[in-house]
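Okay, structure first, notes after.
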Amino acid sequence: MIVVMKSSASARETGAVLQQIESLGFKPHISSGEERTVIGIIGSDRKVEPAAFDGLAGVERVIPILKPYKLASREFKQEDTVVEVRGRRIGGRQVTVMAGPCAVEDRAQVREAAKRVKAAGATILRGGAFKPRTSPYAFQGLGKPGLEILREAADENDMAVVTEVLSVQDIPAVMEYADILQIGARNMQNFNLLEEVGKAGKPVLLKRGMMSTIEELLLSAEYILSKGNYNVILCERGIRTFEKYTRNTYDISCVPVVKKLSHLPIVCDPSHAAGDRDLVGPLAKAAIAAGADGLIIEVHPKPEVAKCDGAQSLHPDQFDTLMKEVSAIARCVGRSI
C-alpha cells in the first residue's frame, strides 16, 4: 500500500504519517517526486487499513499495490529512477555502455581493454575478478588482485567499475574497489546475498536468472530495495530455452515490459545472450531500439586467447564499429551515448 501526500503537505504532516506507519509495525519507504511525496508501507503480509491514514493532515489518498513487488513498481514511483555512479547517469536520456573483458587475466590485458573501450565511448569498465564457472576446472578469476587491476585501469581512464560479487563474504573486498556490485544470473535468487548488497548501499546491477520470469526478476530487486538501497539496475542477459543456436534466448520484450511495470533502469547483455561475437552487434542495436538504458559488452584485446568466453568477446576494433552503430540508433529514438 502507498500513501500519496498532497503537494502542499508539510514536513511535519509527512512525519506524522511516517510515525503512524511505524506505530502499526510497518516500515515506511519514501519516494519524493517532482510534484508530491509517495510513502510505501512495507512489512508483512498483514493487511493495512486505509482508514488508519484517511484522517491525517496532508494525505491525498491511500492506494493498494496489487503487485507482489511494491517498491520496484510504477505505482510506488512514477518517475524513472536514474542511478548516478561517479558522475555517470544510468537511466534517463543517456544510454550507458559498460565494456571490458569477461575475466581479469593480467594487468596488461585489462589496461589495454580499458583504454580501447573508453576511447570508443564506454564509461564503465566491466571485468570479473571472481568468476562463477559451470566446471570446477575452468578459470575462476584472480580474486582480490583482479579487483586491484580493475580499479587501477579504471582510474587511469576515468571510468567506473562494475564487477560481480559471488558471496556475502566477498562484499567487503568488492566494495573497496568497485562502484557497482553485480549479482550474476546464478545468484539472482540468492536472497541472503541480495539482502546484504541492499544493506551495503552501493549501486547494484542485477542480472536476470537463466530460467527466471520478469516478475521473479522484479521480486529479487525488491529484496535489495527493501533494505534501503534504491540504486538497482536490472539486466536482461537471455534465458534458457530449447534453442541451441545461441547460448541463451535474448528476451528483447523484457525491456519494454520492465519499463511498463517498474521505474528501475534496465540494461542488456548481448554477449551472454549470444555466445557468439557475430550476434552481439545485432542484439545490442535491438536493445537500444527497444528502450534499454544501457549495454554491458565483453571486449578482449585478444579474444582468441581469452581464458573465459572468448567466442562471445568483441575485438576492440569491432567494438569501435558497434559504438558508432548504436550511437546512431540512440539518436533515432531521442537518446544519446
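No lab work stands behind these numbers, since they all come straight from the coordinates. From a predicted model like this one, the values you see are computed outputs, not experimental measurements. Because the Cβ atoms are built from the backbone with ideal geometry, glycine has one as well, and the counts that use them run over all protein chains shown.
May I have the extent of the alpha carbons of the stretch 243-337 along their three principal axes, as whole Å values ordered from largest to smallest?
That works out to 41, 30, 20 Å along the principal axes.
Going 7 Å from the Cα of residue 107 toward and past its Cβ, which residues in the stretch 171-199 have a backbone nitrogen under 16 Å from where you end up?
Counting backbone N atoms under 16 Å from the label point, the list is empty.
Provide, in order from the shortest bin, the percent of all Cα-Cα pairs of the stretch 2-63 in each 10 Å bin, continuing until the bin that contains the maximum pair distance.
Answer for the stretch 2-63: a P(r) of 24, 61, 15, 0 percent.
Show which lysines lie in cross-link reach of residue 115 when reach means a straight Cα distance below 28 angstrom and same-chain residues fewer than eight apart are skipped.
In chain and number order, the partners are 131, 144, 202, 207, 285, 302, 307, 324.
Starting with the fewest neighbours, write out 63, 21, 90 ranked by other beta-carbon atoms found within 10 Å of each beta-carbon.
63, 21, 90
Order of 262-272, 76-86, 237-247 by packing, highest average Cβ count within 10 Å first? Mind dumping the intermediate values first?
On the way: 262-272: 26.7, 76-86: 16.9, 237-247: 14.7.
Order by mean packing, descending: 262-272, 76-86, 237-247.
Given the convex hull of the Cα atoms of the stretch 83-332, what is a quarter of its surface area in nm²? Display every interim value, and only then the final one.
Working: hull surface 47.6 nm².
Computing the convex hull of the Cα atoms and averaging its projections yields 11.9 nm².
How large is ³J(HN,Hα) for each residue in the stretch 234-248, as worked out from phi by the Karplus curve 6.51 cos²θ - 1.76 cosθ + 1.60 (θ = phi - 60°), to whole Hz, x for Gly and Pro?
Couplings: 7, 9, 8, 10, x, 10, 7, 9, 7, 5, 10, 7, 10, 4, 9 Hz.
Name the residues whose placed amide hydrogens come within less than 5 Å of the amide hydrogen of residue 206, ignoring near sequence neighbours (fewer than 5 apart) on the same chain.
183, 233, 234, 235
Between residue 37 and residues 5 or more places away or on another chain, which pairs have amide H atoms under 5 Å apart, with H built 1.01 Å from N, and which residues are they?
Distant-sequence amide H within range of residue 37: 5.
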